[in-house]
Each structure stands twice: as C-alpha cells, then as structure tokens.
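Visitor: I'd like to ask you about the structure that follows.
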Amino acid sequence: MTLRIQKNNDGSFKDNRGAHTADMFCDVCGHKQPAVNFNSSAIYFNNLSGSHTSIGLACSAIGGSCQSVTCWPLVNGTPDAVEIALIKTA
C-alpha cells in the first residue's frame with residue numbers, strides 16, 4: 001500500500017467519517033495531506049456488472065509529487081481499507 005491514513009498517538013485513524021475526510025500520507029514521496037475529501041478525491045472501481053469493488057486514490061489527487069495510486073477493496077481488506085470504505089460511504 002502506498003497511500004495510507006495517518007494515525008493518532010493512540011493508534012486510531014486521523015479521519016472524520018461524517019465529513020468524508022482523512023489525513024493521508026504517501027510512502028513513496030512522503031507527501032502528507034490533512035483532511036482529504038474522499039467524495040471528491042477518491043473514485044470507485046466497478047466490476048463488469050457495475051458493482052463497486054474498490055476505492056482508488058492517486059497521490060497526485062492529494063497534492064503529492066509522485067504517480068502512485070492505491071486501491072482499497074470494499075470487502076476483506078486491511079484495517080485501512082475498511083476505514084476508507086467507511087469514510088467514503090459515511
């Protein structure tokens with residue numbers, strides 16, 4: 001995973017589900033961006049039947065300098081993926 005949600009000292013995610021935002025960090029270029037709005041920055045990827053399968057976000061979409069893109073599955077994902085899905089659909 002290239003992009004990830006930043007965490008607080010207690011290990012909780014730095015996000016606001018109600019506002020659909022999260023503080024993000026890119027492991028490739030080191031760019032940090034607070035309060036990334038997932039409704040305007042992230043996109044859903046669909047399967048052939050049109051059902052949402054994952055959420056994608058590019059580093060460049062949050063102001064970073066690299067071309068990294070991270071996709072999080074909507075089911076059976078890591079804790080970051082689960083949280084991203086909750087942020088996007090809250």
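A short reminder: the numbers here are calculations on the coordinates, not readings from a lab. Nothing here was measured: the structure is a model prediction, and the numbers come from that model. Heads up, the Cβs are rebuilt from the backbone with ideal geometry, glycines too, and the neighbour counts pull from every protein chain shown.
Visitor: Give me the pairs, please: first residue somewhere in the stretch 1-16 and within 20 Å of C71 (Cα to Cα), second residue anywhere and surrounded by 14 or more Cβ atoms within 10 Å (Cβ to Cβ) and among the hydroxyl-bearing types (S, T, Y), beta-carbon distance under 6 Å, and either six or more positions apart or on two chains.
Guide: From residues that are within 20 Å of C71 (Cα to Cα), the pairs are M1/T70; T2/S68; T2/T70; L3/T70.
For (1) farther than 23 Å from C29 by Cα; (2) of a type in the set (S, T, N, Q); (3) part of a loop (DSSP other than H, G, I, E, B), each residue gets a yes or a no:
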| position | (1), (2), (3) |
| --- | --- |
| G50 | yes, no, yes |
| T53 | yes, yes, no |
| S65 | no, yes, yes |
| V75 | yes, no, yes |
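Visitor: How many residues does the stretch 22-43 contain that are closer than 19 Å to S54 by Cβ, in contact (Cβ under 8 Å) with a residue 24 or more places away in the chain and in a strand (DSSP E or B)?
Guide: Total satisfying the criteria: 4.
Visitor: Go through the stretch 59-80 and count every residue that is surrounded by 13 or more Cβ atoms within 10 Å (Cβ to Cβ) and either in contact (Cβ under 8 Å) with a residue 12 or more places away in the chain or on the phi > 0 side of the Ramachandran plot (or both).
Guide: Summing the residues that are surrounded by 13 or more Cβ atoms within 10 Å (Cβ to Cβ) and either in contact (Cβ under 8 Å) with a residue 12 or more places away in the chain or on the phi > 0 side of the Ramachandran plot (or both) in the stretch 59-80 gives 14.
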